[in-house]
Every structure is written in structure tokens, then in C-alpha cells.
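First the structure, in the form of C-alpha cells, and then the observations on it.
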Amino acid sequence: MQSNWLVLGLTLAYMLGMGLISLWAKRYAKSAEKFTTGGTRHPAFLIGFLLMSEFIGTAASVGTTQTAYKAGLSAAWNIAALGIGFVLYAVFLARRFKDLGENTISGALSHAYGRPTKLATSVIMIFALQIVAISTYAGGGSILAGLLKVDRTTAIVITGIVSTLYVGVGGMHSVIYTNVVHAMVKYLGILVAAGFGLWLVGGPSELALRVPPDMFSVDKVGWAQICAWLIAGIGAVFSTQYVIQAINTVPDGQTARKASFYCAVLLVPFGILAALVGVCASAALPGIKPIDALPQLIARMDSGLAAIVVAGVAGSLFGTISALSIGAATLIYKDFYLPLAGEGRGSLAFVRFATIAVGLLPIPLAIYAPDILKVTFLAKSLRATLAVLVLFAFFAPRFSSGKAAVVSIVASLICTVGWFLAGDPYGVDNAYIAFGIPLVVMVLGHFLKGDGARDLPGHAVPSDDPGRA
């Protein structure tokens, strides 16, 4: 019990430090616009850490160890897919998004497809971000339940309340600086967890003797699953709201590309370490629930090591929730509030209220999340739909039409969620549904229209060639 209180105390001290950073950043959030943007002069390495921290939440860390407990190191593909996504994003999209000058995914797509697509994009993105929040709360609740010796439901409620208070303080400026610290603590935490797991097993050679050889295979999870992770992960990077918000905090397109490369370099080793923790847990702690792999390892650490790992998990939780909440709140503010009420004295109050609301809403659903990684993966799949539209908008803006884009979003939302709830029939992952529907609809829309769609007046999507629209 004394050890638990020590771990809790050190973790709370860490979170208090993050709170102080947020209070300092609050002075930069004096308007709704400043609250949602955080400025545009941040260096590439800072935003690289921010992007990495936004994607590595409890769903990524706990979820990857959960899958690795059963599927070995191949579970690292879940996070490696994001790293690959950021390399491609750096090459093809980072500068384009920065040059476009929009800090919402809906605003970016509206340049090619108009306001109906903008609203449909907002809806599907807010929905996807809330799903990620559900899995993030569920993972954080699993850790806190073991730490506080309370049931999982109580832990999730506590997590949600603390997260909401943390997010609404300093806006995007706060998110940037706190997430850089979170990223460092996450890395330290997963390094400690992997090292402790190897020590608990008896070292790498003993680990190799105690688990089946295919636990070290790169494809034990199956190439169909790996390809689905790649589609969903790359799609999430290409079209997630908080990626675009982060990219717009740098001064120019070249810096945006560098930030994306830095993020990729940080993501891949983290995925391998998280998977290694799961493999060690399968050898040292056979028979436990896979979702408890990381919490059970933490329970066997001394208080000092446990505090580091728990602080890393707490950083994963709060860092991701802050990105999710401000991303969803920004979409609600820009796409629904501003067109109705305009910018005025109540704008800042509204965006703060929206941040709190989207932070609290996922709590009841998180209590019933059965599989952290699968629930998160659904959200990535949904964003793959938007990634297809992003590629069309930037590289073939005259292809198909705004009407087809809206149909793509609505049909994909309904079919992908339905396919997921049906248990992915015939072994076809829902990521393939999310990716295939917009391709089919956009192609059909193009040929049914005959001459292709035109860019809306004044809404051409910028290209790499300054002389072209």
C-alpha cells in the first residue's frame, strides 16, 4: 500500500507539472482563434515530438502490448504503419497542407468539394476522434485500476474528469509544450517497461526459450492484418484533424516536412518496444488477460520504476486526450458555431465548453470498450476514407464531384461501422471497406458526370507548381 501511494504521489507530481505548463500557456489563449491555433512559429523537432505524442496514447501502448501478448513482435506493425504514414505524409502532403493555410481537415477538403463535403467531413472526423478517446480512456482506466486498487469503471471516470480539466486550460499552445514532455516521458516509460520485462523473464536468451519461435516473426499477426493496419494507419496520418493543426504551427512547408520525418523516426522504435513488453509478459505471466499485460508488469515493479512507467502511461493518456479534444472542439467551433454566430465575445467561452463536452462524452462508452486496439483501429479505418478524398483533392481536384465526395463519406461511415459491428464478415477487415467505398463512389461519380467536376470558384487546391492552380 505504501508503495502504491508513492507511485501515485510521484505520478500526481508529474501531472501537476503539466498543469503548471498549461496555466503558463493560458495567457496565449485569449481568443478562440489563439486557443485553437497556438501560433505558427514552432520549430520542426518540437512539432515532431508533438505529432508522435498525439498518436502514442494508451490505446497504442496498452493496445500494442495486448496484441503482442498473443501475436508477438508483429504487433509492432500497428505503430510502424504510422511511421510509414508520416514518411509518405512528409513527401507528398505536409507542404501542401501548410501552403493551403487551413488548420482543419474539413476546411482543406472544402477547397475542392465545397461546404456540404466540409460538414460531412467534420461529422465523420469528430466521430472518429471520439472513438479514439473511448479507447484512450479505456486503456488509461485499466492502468489506474491496478494502481489505485479500484474497479475499472471508477478508474475510467476519474481519468475522464482529470483529463477534461487538464485539456481546457491553455489551448493549442499548452498542447504543444506539454506533449513534448509527455513524449519524452512515454519513451522513458516504455524503455523501463521493456527492460524490466526482459529482466523478469531472465534475459533475451531465456525469452527465446520460453515463447514459441513465431512470436519473433514479422508476420505472425497475418499479412491481411498488417495490410489493414497500413491502410488504416497511413489513412489516419493523411487525414487526422490534430495532424493538420500541428502542421500549421510551423512557419513554412519545408519545416512541416522535417517535423513529419522526425515523428516517423520516433514512432517505429516505440512500436517495437511496446511489442517486446507484450512478448515478455506472455513468457513471464502466462494465463492473464492480454489487456492486463502492461498493468501486471507494472504491479511487479518497485515503486521507483513503476512511477516512471505509470507517468509514461499517464502522459500517453493526457497527451492524446488533449489532442483529440482540441481537434474535435476546433471542428465544432469553425464548422458549426462560426457560420451561425460569427466570431465574438462568446467565441472563447464556446470553444472551451466544446473542449470540455467532447472530453466528457466518451466516458460512459469507454467503460464497455471490449478491445482497445480494435476500437482504435475502427477510428483509423474511418479516417482512411478521408485520406482517399485528400489524395483526390490535392492530386486530381477535377476528378469526380462534391456530391460524390459527400456520398463517399456518408456511405463509408455507415458501412464501415456496420461491418465492424458485424465482426468483419468473411474475414474482410473494415479498413478495406473504408478504403474501397470512396474509391468506387468517386470513380462512379466521375464517369456518371461525364466531363468530370470542376474546382469551385476561388477554391483551387494548391500544387507544388506555383504556376498551377
**OP:** Would you check if there is a residue in the stretch 64-76 being touching an Asp or Glu at 6+ places or on another chain (Cβ under 8 Å) and either modelled with pLDDT under 80 or not in a helix (DSSP H, G or I) (or both)?
**Re:** no
**OP:** Please verify whether the stretch 205-213 includes one or more residues that are closer than 30 Å to residue 102 by Cβ and not in a helix (DSSP H, G or I).
**Re:** no
**OP:** State all residues of the stretch 231-248 that are over 13 Å from the mean Cα position of the chain (by Cα) and closer than 13 Å to residue 49 by Cα; if no residue qualifies, say none.
**Re:** 247
Subject >> Residues located in the stretch 181-221, provided they are over 13 Å from residue 308 (Cβ atoms), touching a residue at least 40 places away in the same chain (Cβ under 8 Å) and among the small types (Gly, Ala, Ser) >> reply: 183, 197, 217
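Quick grid of which residues meet (1) touching a helix residue (DSSP H, G or I) at 6+ places or on another chain (Cβ under 9 Å); (2) in a loop (DSSP other than H, G, I, E, B); (3) buried (at least 18 other Cβ atoms within 10 Å of the Cβ):
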residue: 162; (1), (2), (3): yes, no, yes
residue: 174; (1), (2), (3): yes, no, yes
residue: 188; (1), (2), (3): yes, no, no
residue: 193; (1), (2), (3): yes, no, yes
residue: 221; (1), (2), (3): yes, yes, yes
residue: 243; (1), (2), (3): yes, no, yes
Original post:
Of all residues in the stretch 40-63 being among the polar types (S, T, N, Q) and part of a helix (DSSP H, G or I), which is farthest from residue 156 (Cα to Cα)?
Top reply: 53
Subject >> Set 370, 339, 364: member being at pLDDT 90 or above and not basic (Lys, Arg) >> reply: 339
Original post:
Mind checking whether some residue in the stretch 280-299 is buried (at least 24 other Cβ atoms within 10 Å of the Cβ), in a helix (DSSP H, G or I), modelled with pLDDT of 95 or more and small (Gly, Ala, Ser)?
Top reply: yes
Original post:
Given the structure, is residue 286 without any contact (Cβ under 8 Å) to a residue 60 or more places away in the chain, within 29 Å of residue 46 (Cβ to Cβ) and not aliphatic (A, V, I, L, M)?
Top reply: no
Original post:
So is residue 133 in a helix (DSSP H, G or I), small (Gly, Ala, Ser) and in contact with a His (Cβ under 8 Å, 6 or more places away or on another chain) or not?
Top reply: no
Subject >> helices (runs of 4 or more DSSP H) within the stretch 329-430 that include 3 or more residues within 30 Å of residue 67 (Cα to Cα) >> reply: 347-360, 363-366, 372-395, 402-421
Subject >> Residue identified as part of a loop (DSSP other than H, G, I, E, B) and under 30 Å from residue 36 (Cα atoms) among 169, 157 >> reply: 169
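The values are calculated or read from the model by the stated rules, or taken from the named source; none is laboratory data. Remember, predicted model here, so these are calculated numbers, not experimental data. Cβ: placed from backbone, ideal geometry, glycine included. Neighbour counts: every protein chain shown.
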